[in-house]
Every structure is written in C-alpha cells, then in structure tokens.
Amino acid sequence: MNPAPLVALVGNPNAGKSALFNALTGARQKVGNYPGVTVERHAGRMALPDGRPVELLDLPGTYSLEPSSPDERVTRDVVTGTQAGERLPDAIIVVVDASNLDNHLRFTLQLIALGLPVVVALNMFDLAERDGLKLDPEALARELGVPVIPTVAVRKRGIDDLKETLADLVTPGAMALRRSDPVLHADIATLQRRARQIAMAATISETPVRRWTHMLDSIALHPVFGVLLLFVVLFVMFQAVFFAGAAPADAIAGGFDWLAGLVKQVMPDSILRSLITDGAIAGVGAVIKFLPQILIMFFFILVLEASGYMVRAAFLMDRIMASVGLSGRAFIPLLSSFACAVPGIMSTRTIEDEKDRLTTILIAPLMTCSARLPVYTLVIGAMIPNVRVLPFVGLQGLVMLGLYIMGVAGAFVVALVLRRTVTKGASSGFMMEMPKYQLPSVRDLAIGLWSRAEIFLKRAGTTIAFTTIVLWAMLSFPQVPKGSAVSQVNYSVAGRIANTIEPAFRPIGFNRDIVLALIPAMAAREVSVAALGTVYAIDSSSDDESKMAQTLKKRWSLATALAFLMWFVFAPQCISTIAVTRRETNGWKWPAFMVSYLFVLAYMAAGITYWLATLAGL
Amino acid sequence: MATIPLSLEQLPQRQRATVAGIAWDRLTAPEGRRLRELGFDEGVGIEVLHRARIGGGPIACRIGRMTVALRRRVAGAIHVDPLTS
C-alpha cells in the first residue's frame, strides 16, 4: 500500500502558518526532530473530503529558498526533496498573509517554480479587509497560475475549500500545473518586482485606514510607557509563575509522596523498594513537580508570541542586549530562565543566529531559577541576621536581591567574554518583521502547551529518571554493615567521593558535609536542603526547617554560608539543564563546556567570598 | 539617487519617503540578503514609525506594507528620498 500523500505547509514567518496547520489537523499532530539538527518536525494527519488521509507537514517559516538558519535550511531541503528522512512532498500549500502580498508573493513565486502542485492559502483575509484592503482572489489565481483560497485560519474559515482543492492536487494522475515563466528563475530583485506587479493586479482597492497596530505600537514601543508596560507584563508573569504555580506543584509533590507511601505499605523493606521509592518515584517527582510552573511560563510565552508582543519586547530590550553582544531576541529566553532554565533554553529556538542562540543557552543557567529559592531561603534565614538596614529594607531581603543581581551581572560578563572568544562571529544584528497584533486562539495555545508538556514529560521519563536512579545508587551502595555506627550516607559511594574531593573544596570554606550535599543537588538544586538534613542525621521531613537552621548556625561560619550561597549562584547544576542543553546543541561538547566554565566561576566566586569574609573577621 | 543623501536613520519620524539606494558594501552578506527578503528595494515607500530613543536603540519602519525593526547601523546604509507633499 502506498503511504498517505505528503503535503507541506510553507510560507513566510508571520503568515499564520501554524494556525492553519492546527486548523487542518486539530489535535492529531506529532512533534519530532529532524535527524542531526535541532529543528522540530511538526507533522499531522488530516482527512480529505473524500476520506483519503493526508500527512501534513508544517515547515519552518522562511523568506526565501536561500537559508540563513538551520530551520530555513530544513524548509528548503524538504521542498527540494533533499532533506534526510523526509520524502518529497506530493503538494505544497503556500500560506501568504493577505495584507502583505508584495512580500509574501515573492517567496510564492519561488515555490511555484519548483514544479510541485501548489495551492495558495490567502490567509488572514479578514485582517486585510480590516486594514481597508480589497483583494480579488481570482485575479491572483490567474496571475500566479495556481488555485488561490481565501482563509482565516484562526476562525477556521476557508478550510473546507482548501481541503477540496487539495484533494484535486493529490489525486494520482492529476496533471501538476507547471509554468515555464522565465521570471521564476530570476534573482531576488526581479522576483520582488514581479511580486509587486501581481499584488497590484490582485488589489481592487486600498483605502488607507488608521491601523490599530500602529496605535498600539505608539504605546508599546514608547521609550517611557513602553518600558513601563513591559515591566507590568513581566511582573504579572512572575507573580503567576511563583504563586499560581505553587499550589499544583505542591499537589504533585504530595501525589508522589503518597505513591511512595503506598509502595512502602505493600512492599517489604528491601533494596528494590528503596530503588522504587527513594530512587525512581522521588527523583521523577522532584522534576515533574516543576511542570505546572513550566506550563504557566510557556502559556505566557505563547500568548506573547502569538499576540505579536514578543517582538516589541525584543525591540525595547535590544539596546541593552546589544551591549553584551546579544540581540533583543535573547531577552525572553533569559527571562524564562528565572523560573527554570529548562523552558528558557527550549525557547531559544526563536533566535535565528546560531551563535547568538548558543551564547544565550550558555548563560541561561546563571539566571536565578526557582529551584535555588529553597536553598537561599534556608541558608539566609539561618545565617543572616534579620535586621533592618533602612525602613522597610531588611538585610535578609537585601542579600537575596544581591544573589539575583550577581547572577545577572555574571551572565552579562560571561556573554561579553564568550562573544569575543568561543562564540565569536559577526553579530547577526537585529532585523525582524514586526507582525500585526492579533488575539491568540485558544486552540493554538492549547496545542502549543500540550506539545511542550509532552517534550518535558518525555525527558523526565527518560534522561532524568535514569540519572536520579544513578544518584540514588551512589547514595545507597555499598550498604552499611548491620550495627555499625557510621551513617549510610557517609558509607556510600557518594560519601566516599565527598571524602576524596573534600580537600579541593577546603580552600573555599566548604566542609565535607557541604561537599556531600552538593552531589544529590545535581539532580535538582533544592534537594541539597534535604541532603544536608540527611548528612546531619536529622529527619528531613522538610517541616523541620527551623531545626535545620539551628544546626547550620552551630556548624557553619558566616563566611562558609556566604561562600555556599555564591556557589549556588554559579554552580553547574542541575542534570535537567545539562540534558536539555545537550538536546538543544546536539551533542556533548557545549554542555561539557557549560559545566566546566560554571564550575570554575562557582569555585572562584565562592573562594573570593570566603577569603574576603574571613579577612573581614566573619 | 537623491542629490542630498539622507539615510533612513536621519529621516524624521512619520515623514514619507522612498528608498533611493542601499549601500550594500556597508552591510554583511546575511544582512544584505535579509534586507532584500524583507522587501527593501529602490523605489519602495518607506517611513520611520518608532525610535527606541534611549542610547541609540533600534528603529521600527514601515516598508511596503510591512513593519520592520532594524538597528541604526543598518538604517544608516539605506538612503531615502523624502516625498514632498
């Protein structure tokens, strides 16, 4: 049996391609990866009006067949039939923005010239009318020599017509409409002029109206009000991530505790039971409990992207980012990294330039993620006196703020250095189309969130589960002989490693207990709180944090505590971040580099802090 | 070409103009290609919509029917003819 015909959706960025893809396939879609590149492959199934199935491929948006990013290269290779792991499409749906014909038709002409059966979806037809543009789809079809269907993807208009036309195109034996217009093979400037002629011919009338995108922009891009608006948006986003995300995160953690308790009831005490409860369930639970916060973060990112606001935020922040060799596009991924570096690194895909993107990935872990908060809270609460330095300004809060600022300042310095050394290269600058503002559709948001959740859960289920089990094994073996006074933690492989490497950390004020707590912190930073509890032989059922604080006060000097905090600002943690970096950079080279440079920074920062604090007599 | 060369960077906000020419040699190859792809070409209508004033940030301009953000250095390589109306 022949496979279902393959149809590719192609178009300029901002043509509403993904919305059309969602409207055509609904929830029946699959996100994968092209072999060897970090480009997502979005594929879905749809049925033609006559019942035949079609496989639909949503290709990355691009302006031409001359690629300037890995995404754009995939698009070119698929439509020319040279992409590894993909067959040549049987037909192409070219998605064009109805109110931007001049520009989008140029790429359309290039695609038609490839000779594959083509149908043009004249998308966002309603927005063009709102802008006072009256178009004649039939005239456009005549000029282009291919069928043209007006569509409004977000409202599912024109979808049935599009499917009818597609059914004709993928019928075996149907003659592809080929034209041998010499202009189609011409250079970009000639194509552009031809595109403008066609756009003119297809435009019935054009009444200039005051576009409300421009009115909104005069606020959103305003040097004062625009920046204020951006801060309000960010404030709401962080409040939502930290507060709305907390309750479901606790519920998930509770659910995993309950599950572990259940296993403990039905299974006799054994190594296997410990593997299941302390290894697998606890480890995966520690990661999955971040899912609500990650989803809330992505909800905001998707809304900001789909509404068109994201580009405005990038516009406002470009100057600051440019000062360290990055572009405005890096702003949002770095911002997301304050919640968690994992979604932050995942969202660097919107950065076109490879070197910009790599630099952003490498500095993302320096943004203080939410997993560091429990550690900061514990240590600051225990060691920093709760005094007011100014009315309404407490010393504890000031130290906390200082740690956040250290992270950002560190990131900027690192970016500056990286851009002059390992990620050197001509900056791609900042040149981007600013799309019209649009209300995002609920369906597109839901599908976007679902695919993010799927990617995250898959990773939690594989890489992260595996590494947490390895860490569990390191803490559980070899087992303490019965009746020994030595604690299991000290006797284990991890304990022995800590004993071995402890001398290396002694100069920066870390004792053996701290070194030991750093090992499980690799799975998730906040685990180090529980680990310290275990090391100090306290029942670490986490409500005992005040007891923990008292123990810390007794055992640590202030200099050690400050050094420990500085270590956490820069430390190369956690496994999830390293795993996602490997995935996004396609190999172990960059995660290895990231871990090394962070380690050196953390060591130096903790060391300098310790030495200075000791000199000051703390 | 305009008799008095005026770059997009110097064009007053909301002053309609057409692209008179582009100094391709002052741009990198990818920059030049992206400019062409975004529709920058001689004779196309252009207008500066917004400037991120603080410290010489990027500018947003209308080119054809599109709004495009670019940095000042690139805008400086685009020569424009203001339309007198």
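Below is a table of values for the structure above.
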quantity: Calculated [θ] (222 nm, deg cm²/dmol) that DSSP helices of n ≥ 4 give over chain A, each run adding -39,500 (n - 2.57); calculated: -17000 deg cm²/dmol
quantity: Test item: A:57-69 mean partner chain Cβ contacts at 10 Å; calculated: 2
quantity: Using θ = phi - 60° and Karplus 6.51 cos²θ - 1.76 cosθ + 1.60, couplings along region A:362-373 (whole Hz; Gly, Pro as x); calculated: 5, 9, 4, x, 7, 6, 5, 7, 5, 5, 7, 4
quantity: Accessible area (Å², 1.4 Å probe, nearest 10) - A:LYS547; calculated: 110
quantity: Mean Cβ count within 10 Å, highest first, over the residues of peptides A:106-115, A:161-170, A:396-405; calculated: A:106-115, A:161-170, A:396-405
quantity: Per residue value of the accessible surface for region B:1-78 (all protein chains in place, 1.4 Å probe), Å²; calculated: 41
quantity: Separation of the A:PHE477 and A:LEU259 label points, Cα + 7 Å toward Cβ, nm; calculated: 2.4
quantity: Shielding by partners - mean other protein chain Cβ count within 10 Å, residues of B:28-39; calculated: 6
quantity: 10 Å Cβ neighbours from other chains, averaged over peptide A:318-327; calculated: 3
quantity: Eligible aspartates and glutamates near A:LYS424 by straight Cα distance, threshold 15 Å, same-chain separation 8 or greater; calculated: A:ASP353, A:GLU354, A:ASP356
quantity: In Å², nearest 10: area of B:HIS79 left accessible to a 1.4 Å probe; calculated: 40
quantity: Accessible surface of chain B [probe 1.4 Å, protein heavy atoms]: carbon and sulfur percent; calculated: 53
quantity: Carbon + sulfur, % of accessible area of chain A - ligands and nucleic acids excluded, 1.4 Å; calculated: 65
quantity: Stretchable slack from A:ILE501 to A:PHE243, in nm (0.36 nm times residue separation minus alpha-carbon distance); calculated: 89.0 nm
quantity: J(HN,Hα) series, region A:91-101, from Karplus relation 6.51 cos²θ - 1.76 cosθ + 1.60, nearest Hz, glycine and proline x; calculated: 7, 10, 9, 8, 9, 10, 7, 4, 8, 9, 4
quantity: Computed P(r) (all Cα pairs; the protein assembly as shown; 10 Å bins; percent); calculated: 3, 13, 22, 23, 17, 12, 7, 3, 0, 0
quantity: In nm, spacing of pseudo-spin labels at A:ALA592 and A:ARG87 (7 Å Cα→C-beta vector); calculated: 4.0
quantity: Solvent-accessible area buried by pairing A with B, both sides, nearest 100 square angstrom, 1.4 angstrom probe; calculated: 3200
quantity: Among A:334-346, A:306-318, the order from most to least packed when residues are scored by Cβ within 10 Å on average; calculated: A:334-346, A:306-318
quantity: DSSP beta bridge pairing in chain A, given as percent antiparallel to the nearest 5; calculated: 50
quantity: Cross-link pairs beyond the 23 Å C-alpha cut-off, checked among A:LYS30/A:LYS163; A:LYS30/A:LYS156; A:LYS17/A:LYS458; A:LYS289/A:LYS355; calculated: A:LYS17/A:LYS458; A:LYS289/A:LYS355
quantity: Fully extended contour minus Cα-Cα distance, from A:ARG388 to A:VAL417, at 0.36 nm per residue; calculated: 6.7 nm
quantity: Separation in nanometres of the label points that stand 7 Å from Cα toward Cβ, at A:ARG45 and A:ILE219; calculated: 4.6
quantity: Whichever aspartates and glutamates have a C-alpha closer than 13 Å to that of A:LYS436, once near sequence neighbours (fewer than 8 apart) are set aside; calculated: A:ASP97, A:ASP126, A:ASP131, A:ASP217, A:GLU305
quantity: For peptides B:22-29, A:606-613, A:324-331, sequence by mean Cβ density within 10 Å, most packed first; calculated: A:324-331, A:606-613, B:22-29
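The values are calculated or read from the model by the stated rules, or taken from the named source; none is laboratory data. Fair warning: this is a prediction, and the values are worked out from it, not measured in the lab. For neighbour counting, all protein chains shown are included, and Cβ atoms are generated from backbone atoms with ideal geometry for every residue, glycine included. Areas reflect the complete protein model, heavy atoms only, side chains present, ligands, DNA and RNA absent. Shrake-Rupley method; radii C 1.70, N 1.55, O 1.52, S 1.80 Å.
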